[in-house]
Every structure is written in C-alpha cells, then in structure tokens.
Amino acid sequence: MRLQYLIRLPSRQAQLCRNLGFTTQFVQTRGFHASRRAQVVKPFLLADIGEGIRECEIIQWFVEPEARVEEWDKLCEVQSDKASVEITSRFAGVIKKLHYEAGDMAKVGKPLLDIDIQSDVKEEDLAGLTGPTIGEESQAQENNNAGASINISESSKETAAPTNPKASTARAENIEKRGSDSQPEKPKGKHASLATPAVRHLTKELDVNINEVHGSGRDGRVLKEDVYQFAKQRDSGDSQATFAPSPSSVGTDEQMESTIPLSNTQAQMFKAMTKSLLKPHFLYADEMDFSGLSELRTRLNKSLSKSPINDVVKLSFLPFIIKAMSLSLHQYPILNARVDEDPKTGKPVLVHRSQHNIGVAMDTPQGLLVPVIRNVSSLNVLSIAGELIRLQSLAETGKLSTRDLSGGTITLSNIGSIGGTYVSPVIVEKEVAILGVGRMRTIPAFGEEGQVVAKQICNFSWSADHRVIDGATMARAAEVVKGFVEDPDSMVMHLR
C-alpha cells in the first residue's frame, strides 16, 4: 500500500524529506475565510418548532437516498398536534439516509436524515443545524496530534461484504415453502409510503391506509392507480385487500376484535386530555333565551344577503357568543389567565393575559382541532364571523398553521351544531375555563303577561379549574355572558 503524505513543512525540512526518498505533496494555505466547502456526511436534526412540541409524525418524504437537493428544497412534511409543517434544507448536497419512514414519530433534536453537504456554509450554521459526525471529535484530536493527514487510495477502502451461501439457500427454501401454501404476496418497495401530496389526498378521500397499498411505481411508490385499485378490491370484498374484519362478514357467534393504532391527532388528544383531567373540574350550567338574538340575527342576515361585507353573507349565533365571552373577560380577567409555577419559589401563580384569544373546537376530517381567534376584544361581530369562515375553510383542507392552532386563552365548544343539549367540556391545557354550547330548541314558555309564547332556548355549560376559580366567580361571569346574549343590543355600548 502506498501512502501519500499531505504535510506543511519548512523548506529545509522539505528538502531533507526529498533526499530521504519520501513522496510528499506540499500545499499552500490561505487563512481568514468565513466559510468552507463542506464535503462531509452530517445528520440533519429536526429543529424545535415551538409550543413545547417534542415529537412530530412524518407525513411524507419529498426526497429519497442518493437524491440531490439544493438549498431550500423541501425534505419532508411533518404533522404535530398543532399543524403540519414542511421541513426545507439549508444546504445543497446528497441525501444519504432517511432515519424514519412515513408514519413514524420523529423526536425534536434527533436526526431526520443524513446529508452529504456540498456547499459553502458557515461553521456556526453547520454546527447549529446538524449534529456531529461519528468519531468527528476523536478524529480531529488525532489529526492535531499527528500534524498531518493521510490520504489513502480509494481502492484500499473497498471491502467486499461477506456472504453466507447456506443462509441464502435457507431463506430461499423458506420463501418457496411459504409460496406453495399460499399465493405469494408482492413485496413492497422501501419507498412504498413515499407518495405525492395528490396521492395522499386521494387516500384520505377513499379512506385508504397508504401502508397497505402495493405500489407499482418506481421503488414501490404508490400511484393514483394503485389507490383506486386497492379501494375497488376492498369495496368488492376481495380477500387481497387488507381491512379490519366485521362480525357480519365472518359468520360466527364469537366476538371479533381488531387493533387499530391511534392517528396522530388522536394520540395528541390522548396526551392533552390526560393532562387536562388532572385539574379538578366543576360544572356550571344555565339556560339562555335566544329569542332576541335570533330576531337581531334575522335582520342582519337580510342586509348581508343584499350586500355582503368581508365575504360574510350570513351570520350564525357563534360570533355573538364569542364577543359576549370577550366582554365578560374584561370584568373577570381570571377566566383568561393560566396557572403556572414561580421559578424562584416553586409556588403556583396566576399569569394574567391581556389578549382574549378564544379557541373554537371544530370537527374536521383529521379529528378534533381547536383553532384560535386572536385578540377578540379588538374585533367586531362581522370580523369574528370572517375569521371563523377562514379557520373553518383551512381546517377542512388540513391547512391550519401552527399560529392558527396555538396561543389560546379560553375555549368554546359548540357541540350543539351536531346535537346534544348538555355537555361537560374538558378544560384545555394552559387554560382555566371552557364553555360548551348545546343545541338551540324552541319550547313553550310564559310571557310577561302570563300568556304562552314560544321561546328559543340554548343551554350553556361552563367548566372551570376549581383550584383557582370558585363557583361564585364562575356564576357571575356566566351571568354577564347571559346578559349580552339575551339582550344583544347592549353589546353596542361596550364595543371598542
């Protein structure tokens, strides 16, 4: 083996090496440069995306091993309990390894992939966005002690992987034996779950698990045709389509069970609600007379149908309720606070917040989401309605941003839009109160003169954190909301 030394030596020592017959290569060096040409394989870390999120689900990869990427090219899409985020590359280079498959949970601060960086980057950027290579520190120490780096020819690095012909023969026999008992299943490619956004959207529409589809594309990628074919086989009852068995199709009296993993949204809801139920809840409920609000809403909707304002053509009851909640928070700011711990004393404290960021629970194709209407105290009813339309549209398409789903101070759950009269809502983390709105219904009641009249009644159910909020405070705050809802004209005097 021939070694070639790359050494920086004074001229007299260099001449001595030549006289002794050493093959040396001398280079000139220059200093004072801000960046370097990086040609190393480095792990690309999943950065902290805020809101205390510690893990994300890999929705899809936009790259594969040996693919070349440029700066700001999309690498993958991740889904947290808040929103989906596309991760982009800060460097140009070649992807060497993906540490996760689509559907896996990636940890914040851990490597997403390995990338062979081939671009000019600053040392601080490289250190901040990637982790150290294996043995990097020990290799650097060795180079400093030796004072030289040794270049070994590529031919000496190549080693052949040992093979075991007996093991290969045994595996082949096992495969052949299984194939004789049943029809062999077409193997999936290692990139079977790597699909375009259009294909993934199609799988959601057809309720298809992409990991169960055998892709016919390159490296086993799933194409639209594969999804349609899988859905057709499943709906026609083809045994090759994989789905959970139903008792009616089995034809037996025994109970059949199938295990289904939680979706990412369900998993995050599981964690959040488990924490929330550690709080001691208490429930306060009351009836609201929507008759006056219904008349006002009818008049306003007639006007909006003729001349819409800010794309709002029809008002629901929800914007009025949200505004009434905000007006009550001015009188009872404790409902807008959160419980925290003093870092110096370790004692619990209340943190009051100036903005009324009201979260609205929504039933979406992805599951329960709670987008936030920010700074409600500065908005009028029409502005709140416009923001509701925007958030509902984004929620239906799964395009809510992290900002849309974070920063809430109090929450409203309008379960009455689906059904139900009473509800016991669970307080959201970092909040101390939540309002549940039931279904409006028309009932017979007595008027001012004793006559029987029709009234539109809706039940409001409040849950509060009994560690910091007593029943009297909750009742008084609920009465303020009730006053604004039953007499909506009084809101005009309090608008800012």
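Length gained on full extension, K107 to R467, computed as 0.36 nm times the residue gap minus the Cα-Cα distance: 126.3 nm. The calculated FRET efficiency for L368 paired with N209, based on their beta-carbon distance and R0 = 25 Å, is about 0.75.
Residues of the range 431-471 falling in the label zone of H281, defined by backbone nitrogen less than 19 Å from a point 7 Å along Cα to beta-carbon, are 431-439, 459-471.
Please give the per residue accessible area of the range 339-496, computed with a probe of 1.4 Å over protein heavy atoms only, in Å². Working shown, then result.
Values: 8020 Å² over 158 residues.
Heavy-atom accessible area per residue stands at 51 Å².
Computed in the context of the full set of protein chains, the accessible area of the range 374-482 at 1.4 Å probe radius has 52% of its extent on carbon or sulfur.
What does the charge add up to near K314, with Lys and Arg as +1, Asp and Glu as -1, over the other residues with Cβ less than 14 Å from its Cβ? Net local charge, K314 excluded: +3.
Within the range 290-419, how many Lys pairs sit with Cα atoms under 27 Å apart, leaving out pairs fewer than 8 places apart on the same chain?
Working: K302/K314; K302/K323; K306/K314; K306/K323; K314/K323; K314/K399; K323/K399.
Close lysine pairs under the 27 Å cut-off: 7.
Each label point was placed 7 Å from the Cα along the Cα-to-Cβ direction; for V313 and D48 their separation is 4.7 nm. Each residue, S291 and S263, gets one label point 7 Å from its Cα in the Cβ direction; the gap between the two is 4.2 nm. Stretching K96 away from I443 to a fully extended chain increases their span by 118.1 nm, per 0.36 nm per residue minus the current alpha-carbon distance. Available extension along the chain between L304 and V339 is 8.4 nm, counting 0.36 nm per residue and deducting the alpha carbon span. With a simple spin-label model that places each label point 7 Å from the Cα along the Cα-to-Cβ direction, the separation between M493 and S393 comes to 3.7 nm.
P(r) tail for the range 364-457: Cα pairs beyond 15 Å make up 71% of the total.
If you take all C-alpha pairs in the range 252-405, what percent of them are over 23 Å apart? When all Cα pairs of the range 252-405 are counted, 56 percent exceed 23 Å.
The values are calculated or read from the model by the stated rules, or taken from the named source; none is laboratory data. This is a predicted model, so every value here is computed, not measured. Don't worry about glycine lacking a Cβ; one is built from the backbone with ideal geometry, like all the others, and counts go over all protein chains shown. SASA here: full protein model, heavy atoms, side chains in, ligands and nucleic acids out. Shrake-Rupley method; radii C 1.70, N 1.55, O 1.52, S 1.80 Å.
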